[in-house]
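The values are calculated or read from the model by the stated rules, or taken from the named source; none is laboratory data. Computed from a predicted model, the values in this text were never measured in an experiment. Note: ideal-geometry Cβ built from the backbone for every residue, glycine included; neighbour counts use all protein chains shown.
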């Protein structure tokens with residue numbers, strides 16, 4: 001993959017323009033990447049939602065389970081993926097960040113012996129892990145990401161770091177901890193961040209850390 005003209009190019013890359021976006025970023029932004037999961041039945045349904053003008057949500061890219069990437073918003077424009085959010089002294093992270101949505105059902109629940117997503121789809125045990133979310137205390141079930149997906153997200157983050165000087169890679173659950181749990185413990189965010197940025201979690205001052213817990 002490569003980036004040219006604020007668009008991603010590559011063998012498994014497609015572009016579908018979403019009407020849901022803001023203006024151009026104010027330099028030196030974007031300097032942050034936010035990782036999400038779609039919590040949809042598949043990538044196609046997520047893309048449809050992110051392109052629906054009635055929903056007023058979007059992301060810059062969606063990464064499918066086989067590693068295909070669909071770009072919805074150019075990388076020089078603000079997408080609407082972060083919502084009410086805060087990191088350190090910053091609020092409303094849309095204006096600072098690029099949003100990567102990964103096709104994944106997210107947190108699952110046990111119903112009559114079946115592991116199901118909020119939208120009712122059942123998942124086999126070999127597609128599920130048991131883990132404790134960083135903001136929770138109970139062991140729960142999470143849809144696995146594919147190795148191909150995590151590899152593509154890693155590659156994409158490297159490209160964005162080179163093209164835009166990205167300094168922070170955060171989960172949606174870190175910027176909106178009272179509202180969101182994505183990308184969840186099934187995604188190796190800390191390991192990826194450590195490899196790309198040399199840190200598991202960006203350091204915050206005590207005051208900034210306190211403020212981050214308020215959404």
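If you scan segment 101-134, which residues turn out to be over 18 Å from residue 46 (Cα atoms) and surrounded by fewer than 14 Cβ atoms within 10 Å (Cβ to Cβ)? Of everything in segment 101-134, those that are over 18 Å from residue 46 (Cα atoms) and surrounded by fewer than 14 Cβ atoms within 10 Å (Cβ to Cβ) turn out to be 109, 110, 111, 112, 113, 114, 124, 125, 126, 130, 132. Restricting attention to segment 168-186, does a residue exist that is modelled with pLDDT of 95 or more, surrounded by 14 or more Cβ atoms within 10 Å (Cβ to Cβ), assigned to a helix (DSSP H, G or I) and touching a helix residue (DSSP H, G or I) at 6+ places or on another chain (Cβ under 8 Å)? Yes, some residue in segment 168-186 is modelled with pLDDT of 95 or more, surrounded by 14 or more Cβ atoms within 10 Å (Cβ to Cβ), assigned to a helix (DSSP H, G or I) and touching a helix residue (DSSP H, G or I) at 6+ places or on another chain (Cβ under 8 Å). Restricted to segment 1-91, the set of strands (runs of 3 or more DSSP E) holding at least 1 residues that are in contact with a helix residue (DSSP H, G or I) (Cβ under 6 Å, 6 or more places away or on another chain) and surrounded by fewer than 21 Cβ atoms within 10 Å (Cβ to Cβ) comprises 2-4.
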